[in-house]
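After the structure tokens below, expect a handful of questions from me.
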Amino acid sequence: MTKLIGNGIGWTRIGAVALVLFSTAAVARAESREAVQQQAKALFGVLPAEAPNAANPVTDAKVELGRLLYFDPRISKSQEISCNSCHKLDTFGVDNEATSSGHKGQRGGRNSPSVYNAAFHVAQFWDGRAADVEEQAKGPVLNPIEMGMPDPEHVLIVLESVPGYAPLFAKAFPGEKDPITYDNFGKAVGAFERKLTTPAPFDEFLGGKLDALTDAQAAGLAKFIEVGCPSCHMGPTVGGLMFQKLGLVNAYETKDLGRYEATKKDADKHFFKVPSLRNSAETGPWFHDGSIKSLDEAIRLMAWHQLGKKLAPADVTSIAAFLHSLTGKPDAAYVAQPKPLPSGPNTPKPDPS
């Protein structure tokens, strides 16, 4: 009996000590999480629900029209390619290909970035040649490699031939004598894209829900900050807010001259828009040319070429865990593909040439 009681007392004491140690560790973890949360909140900030543009206020009418246009393949020469063909809203805004297939199967030299959260960026395209999503929306349509339309007039012929578009353009742009214009096409698509946001567990964490991240993700966030990644990947989109030279510290071999193609300034050679890391765990392959097939490899290469740091495999894994906390979901109803408007008797036929 004494022995049993003794063992019982012994285990009780051990249990009490363990409980104290566990509680102390839990408090330490909570304090550590709160410290990281405060640091991250200052560096990034919670993602807003909409990216405003004073020159193109978002209205329900514009969004309704923009959604239809975004999914409409008739604005391409072959009538087979829509905005959604390369920027698929059901796969995190990308097609998960190194480069996208365009008119007659042609492919450009750059990876199609995600359209989600893009309206917050400093500019559009890898080289920043478009100031905003309204301007960006008009580019691929007229690109002979992408959607192949010869000029804006051909786009307007299609839009005017679809009976359902006229009242929608009039509603979206009230008071305009001729609302069906190519600029208004861009504004409507842009308005739709300005609400293509993907709130993620990371935003809940920044908002004060300290258990929104797993232990591995919270540790990865701390490592992400410690390594210096926010020197380029900052703000609510965790990137997309500046241009940076690819190979800033250690040279990165690429024939792509980047922003130089848009500005023709020698100082801009090999500069690219820093990509947003939101949903980056799902938007591979990575880099401007889609040449990197592994998220871990992308992290390792960025640390070396941009920061001059060789990361240990454990650190790469840790940062990758954090990046998964940036994977978010859009409003399912908002991004659902609408029923297309019926073509009219004068709607041009597809041109595969």
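The values are calculated or read from the model by the stated rules, or taken from the named source; none is laboratory data. Keep in mind the model is a prediction, meaning the values are calculated, not measured. Heads up, the Cβs are rebuilt from the backbone with ideal geometry, glycines too, and the neighbour counts pull from every protein chain shown.
Here's the yes/no breakdown for (1) of a type outside the set (D, E, K, R); (2) touching a Leu at 6+ places or on another chain (Cβ under 6 Å):
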| residue | (1), (2) |
| --- | --- |
| W304 | yes, no |
| L307 | yes, no |
| K310 | no, no |
| S318 | yes, no |
| F322 | yes, yes |
| T327 | yes, no |
| A336 | yes, no |
| K339 | no, no |
| S343 | yes, no |
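Could you check L248 against (1) over 30 Å from S32 (Cβ atoms); (2) surrounded by 18 or more Cβ atoms within 10 Å (Cβ to Cβ); (3) not basic (K, R) and say which number it fails?
Tallying (1) over 30 Å from S32 (Cβ atoms); (2) surrounded by 18 or more Cβ atoms within 10 Å (Cβ to Cβ); (3) not basic (K, R), L248 fails exactly one: (2).
Also: Quick one: Q244 ticks every box in (1) assigned to a helix (DSSP H, G or I); (2) over 12 Å from A40 (Cβ atoms); (3) polar (S, T, N, Q) bar one, so which box is it?
Q244 satisfies all of (1) assigned to a helix (DSSP H, G or I); (2) over 12 Å from A40 (Cβ atoms); (3) polar (S, T, N, Q) except (1).
Here's a follow-up. For V238, state whether it is at pLDDT 95 or above, under 18 Å from the mean Cα position of the chain (by Cα), among the aliphatic types (A, V, I, L, M) and at positive phi. Reasoning before the result, please.
Working: at pLDDT 95 or above: yes; under 18 Å from the mean Cα position of the chain (by Cα): yes; among the aliphatic types (A, V, I, L, M): yes; at positive phi: yes.
Yes; evaluated as a whole, the condition is true for this residue.
Picking from T317, T327, which residue would you name as being at pLDDT 95 or above, assigned to a loop (DSSP other than H, G, I, E, B) and of a type in the set (V, I, T)? Full working, then the answer.
Numbers: T317 fails: assigned to a loop (DSSP other than H, G, I, E, B).
Of the residues listed, the single one that is at pLDDT 95 or above, assigned to a loop (DSSP other than H, G, I, E, B) and of a type in the set (V, I, T) is T327.
Right, something else. From the list L47, L68, exactly one residue is at pLDDT 95 or above, surrounded by 12 or more Cβ atoms within 10 Å (Cβ to Cβ) and not in a loop (DSSP other than H, G, I, E, B). Which is it?
One residue alone meets the criteria, L68.
Same structure, new question: Go through (1) among the hydrophobic types (A, V, I, L, M, F, W, C); (2) crowded, with 19+ Cβ neighbours inside 10 Å; (3) out of contact with any strand residue (DSSP E or B) (no Cβ under 7 Å at 6 or more places or on another chain) one by one and return the number of the condition W126 breaks.
(3)
Okay, next question. Only one of A118, A131 is more than 16 Å from the chain's Cα centre (by Cα), under 19 Å from K195 (Cα atoms), of a type outside the set (D, E, K, R) and at pLDDT 95 or above; which? Full working, then the answer.
Numbers: A118 fails: more than 16 Å from the chain's Cα centre (by Cα).
Result: A131 is the single residue among A118, A131 that is more than 16 Å from the chain's Cα centre (by Cα), under 19 Å from K195 (Cα atoms), of a type outside the set (D, E, K, R) and at pLDDT 95 or above.
Anything in region 259-283 that is surrounded by fewer than 21 Cβ atoms within 10 Å (Cβ to Cβ), closer than 17 Å to K245 by Cβ and among the aliphatic types (A, V, I, L, M)? List them, or say none.
The answer is A262, A267.
How many residues are in a loop (DSSP other than H, G, I, E, B) and at positive phi if we restrict to region 258-305? Working first, answer last.
Within region 258-305, the subset in a loop (DSSP other than H, G, I, E, B) is 259, 264-265, 269-270, 274-279, 283-285, 287-291, 293-294.
Then drop every residue that is not at positive phi, which leaves 264, 270, 279, 287, 290.
Looking only at that region, the number is 5.
Quick test for you: out of Q79, Q38, pick the one residue that is at pLDDT 60 or above, in a helix (DSSP H, G or I) and more than 22 Å from the chain's Cα centre (by Cα). Explain how you work it out, then say what you get.
On the way: Q79 fails: in a helix (DSSP H, G or I).
Exactly one residue qualifies, and that residue is Q38.
Still on this model: Search region 280-300 for residues that are under 21 Å from K255 (Cα atoms) and in contact (Cβ under 8 Å) with a residue 24 or more places away in the chain and pair each with any residue that is hydroxyl-bearing (S, T, Y) and surrounded by 19 or more Cβ atoms within 10 Å (Cβ to Cβ) when their beta-carbon atoms are under 6 Å apart and the residues are at least 6 apart or on different chains.
So the pair list comes out as G290/T99.
Before we move on, is T99 touching a residue at least 12 places away in the same chain (Cβ under 8 Å), farther than 16 Å from D351 by Cβ and surrounded by 17 or more Cβ atoms within 10 Å (Cβ to Cβ)? Quick ask: steps written out before the conclusion?
Values: touching a residue at least 12 places away in the same chain (Cβ under 8 Å): yes; farther than 16 Å from D351 by Cβ: yes; surrounded by 17 or more Cβ atoms within 10 Å (Cβ to Cβ): yes.
So T99 passes the test.
Is it the case that some residue within region 284-298 is surrounded by 16 or more Cβ atoms within 10 Å (Cβ to Cβ) and among the aromatic types (F, W, Y)?
yes
A further question on this structure: So which pairs qualify, if the first residue must be in region 323-348 and without any contact (Cβ under 8 Å) to a residue 60 or more places away in the chain and hydrophobic (A, V, I, L, M, F, W, C), the second must be buried (at least 19 other Cβ atoms within 10 Å of the Cβ) and in a loop (DSSP other than H, G, I, E, B), the Cβ gap must be under 9 Å, and the two must be at least 6 apart or on different chains?
Between residues of region 323-348 that are without any contact (Cβ under 8 Å) to a residue 60 or more places away in the chain and hydrophobic (A, V, I, L, M, F, W, C) and residues that are buried (at least 19 other Cβ atoms within 10 Å of the Cβ) and in a loop (DSSP other than H, G, I, E, B), the close pairs are A336/L89.
Matching residues to (1) under 30 Å from P313 (Cβ atoms); (2) of a type outside the set (S, T, N, Q); (3) buried (at least 17 other Cβ atoms within 10 Å of the Cβ):
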residue	(1), (2), (3)
P167	no, yes, no
G175	no, yes, no
G190	no, yes, yes
Q217	yes, no, yes
G228	yes, yes, no
M234	yes, yes, yes
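Looking at (1) on the phi > 0 side of the Ramachandran plot; (2) in contact (Cβ under 8 Å) with a residue 24 or more places away in the chain, which is the one condition that is false for G175?
With respect to (1) on the phi > 0 side of the Ramachandran plot; (2) in contact (Cβ under 8 Å) with a residue 24 or more places away in the chain, G175 is out only on (2).
Only one residue in T263, T283 is modelled with pLDDT of 95 or more and within 16 Å of the chain's Cα centre (by Cα), so which one is that?
Details: T263 fails: within 16 Å of the chain's Cα centre (by Cα).
Exactly one of T263, T283 is modelled with pLDDT of 95 or more and within 16 Å of the chain's Cα centre (by Cα), namely T283.
Continuing with the same structure: Within region 56-65, track down each residue that is out of contact with any Leu (no Cβ under 6 Å at 6 or more places or on another chain) and crowded, with 21+ Cβ neighbours inside 10 Å. Don't jump to the end; show me each part of the working.
Just the residues of region 56-65 that are out of contact with any Leu (no Cβ under 6 Å at 6 or more places or on another chain), to begin with: 56-64.
Scanning region 56-65 gives a single hit, K62.
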